[in-house]
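Encoded as structure tokens, the structure appears first; notes follow it.
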Amino acid sequence: MVPVKKILVLPDAGPENPFQYQMIDFLRKSGFKVEKEVSRRFFATTAAVKKHQPDVVYYDWIQSFILGKTLPITLLKCMCFMLECLYLIHIQRIPIVHTLHNIHNHAGLWLNIEKVVYTWFLRRCSRIRVYTQETKDKVISIFGLNPERIKLVYDVPFHHYYPNEVSRTESRQHLHIPQASFVYIFLGMVKPYKGIEDLIAAFRKIASLNDILMLIGASDRPVYADSIKSLVADDSRIIFQNEFVAVPQVQYYFNAADAVVLPFKNIEHSSSVDLAMSFAKPIITLKTKFMHSLLQHQSTLLFDEPADLANKLQEAKNLNLADIGQINFTIADSSNYKDFALLFTDLQSGK
């Protein structure tokens, strides 16, 4: 039995995912050797373990391992994944660590099957990382988990990753946005569960001629992206850019905005919220127990139902947004992200 030295991260979220990039960078700086692999084929875990010979396997998300577009493919993927977990635990004697981002997938695919497999998987993890006490309490109740194995640890703040060197004036000049405009921004992956249609409708209810709504982000669903493009085509106040924003450019969009709007339909944790806080921005978003606890100093900007969103957009114009944003930055900067390494430091491999 030797202390954990090498961590295999699955799946590889790609170079465009700052959350995973920062996490891996932090682990490497903490003294671990970290490798990662993709999950686009059956028995991807087994192949990755044979290739890298890790002391622990860390699953960031498991949906790509268990969910398919059809029921037969989903059942086959689930069977393969469960066999691989048994191989890890009982043959290779490799412990599993996992971050529980959300209790179920946002697309709503095969939820009953997902719950069965996820319950089975979580009960076999050596450590489970969550972001909130509310989530911890919920997963203990839903999945029947041992509380001792569940740890509350936040993410590395995004201001360690994204440059932030340009002013509001420079940002608006760069993006050709009038200095006098009140600017709302949604920045992130463009997906149906994020409530973008609700945001467009709410903006049109309250917006003046000088107000601007920026919808910035790529979509992996061309049909959905085209529907948003058509929806905003007749309104010059709404800017829709269906494209990935390069790291150096992100600062221009956030610094040009007065308020960030994340009108999710459901959410447990969101890196988009963390990102907005790292840019010292006030956030209009769904009022969950976690969001209310995290953002209680700006609770007037949290909505209960999509019908309330327009009022929150209007309310933002009456607040001291700079002060709210600075508090958000302070919260993001003071998180316990350094405890993430503790998830691995006293784990031991039986290889």
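The values are calculated or read from the model by the stated rules, or taken from the named source; none is laboratory data. As the structure is a computational prediction, the values presented were derived from the model and not from experiment. In this analysis, Cβ positions are derived from the backbone assuming ideal geometry, glycine residues included, and neighbour counts consider all displayed protein chains. To get the accessible areas, we keep the full protein, side chains included, count just its heavy atoms, and leave off ligands, DNA and RNA. Shrake-Rupley method; radii C 1.70, N 1.55, O 1.52, S 1.80 Å.
General observations
- Taking segment 301-316 as the range and being buried (at least 19 other Cβ atoms within 10 Å of the Cβ) and in a helix (DSSP H, G or I) as the test, the residues that pass are Leu301, Leu309, Ala310, Lys312, Leu313, Ala316.
- Test for Leu275: is it open to solvent by 20 Å² or more (accessible area, probe 1.4 Å) and not small (Gly, Ala, Ser): no
- Verdict on Lys229 being touching a Lys or Arg at 6+ places or on another chain (Cβ under 8 Å) and open to solvent by 60 Å² or more (accessible area, probe 1.4 Å): no
For every residue, the table says whether it meets (1) touching a Ser or Thr at 6+ places or on another chain (Cβ under 9 Å); (2) over 30 Å from Leu8 (Cα atoms); (3) not acidic (Asp, Glu).
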| residue | (1), (2), (3) |
| --- | --- |
| Asp274 | yes, no, no |
| Lys289 | yes, yes, yes |
| Asp323 | no, yes, no |
| Ile327 | no, yes, yes |
| Asp346 | no, no, no |
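- Among the candidates Leu342, Leu347, residue that is touching a residue at least 60 places away in the same chain (Cβ under 8 Å) and open to solvent by less than 60 Å² (accessible area, probe 1.4 Å): Leu347
- A search for C-beta distances below 6 Å between a residue of segment 34-47 that is farther than 11 Å from Tyr87 by Cβ and any residue that is surrounded by fewer than 16 Cβ atoms within 10 Å (Cβ to Cβ), counting only pairs 6+ apart in sequence or on different chains, returns Val34/Arg28.
- From the options Pro95, Pro72, Pro18, residue that is open to solvent by 10 Å² or more (accessible area, probe 1.4 Å) and under 21 Å from the mean Cα position of the chain (by Cα): Pro18
- Failed item, numbered, when Gln298 is tested on (1) without any contact (Cβ under 8 Å) to a residue 40 or more places away in the chain; (2) of a type outside the set (Ser, Thr, Tyr); (3) closer than 20 Å to Val130 by Cα; (4) open to solvent by less than 50 Å² (accessible area, probe 1.4 Å): (3)
- Residue match in segment 172-185 (condition: assigned by the TED database to the domain that holds Leu286 and of a type in the set (D, E, K, R)): yes
- Note on segment 104-124: among residues that are modelled with pLDDT under 90 and over 14 Å from Leu75 (Cα atoms), the one that is least open to solvent (accessible area, probe 1.4 Å) is Asn105.
- Among residues of segment 63-120, those that are assigned to a loop (DSSP other than H, G, I, E, B) and either β-branched (Val, Ile, Thr) or in the same structural domain as His269 (by the TED database) (or both), counted: 3
- Selection within segment 331-347: residues that are in contact with a helix residue (DSSP H, G or I) (Cβ under 9 Å, 6 or more places away or on another chain) and not basic (Lys, Arg). The member of this set that is farthest from Ala276 (Cα to Cα) is Phe344.
- Output for segment 243-277, where each listed residue is at pLDDT 95 or above and among the small types (Gly, Ala, Ser): Ala256, Ala257, Ala259, Ala276
- Matching entry among Val223, Val250, Val260 (being crowded, with 20+ Cβ neighbours inside 10 Å and within 17 Å of Ile196 (Cα to Cα)): Val260
- Segment 25-51, residues that are assigned to a helix (DSSP H, G or I) and crowded, with 19+ Cβ neighbours inside 10 Å: Leu27, Ala44, Thr45, Ala48, Val49
- Leading residue by the ranking (least open to solvent (accessible area, probe 1.4 Å)) among those in segment 164-189 that are closer than 30 Å to His98 by Cα and modelled with pLDDT of 95 or more: Phe186
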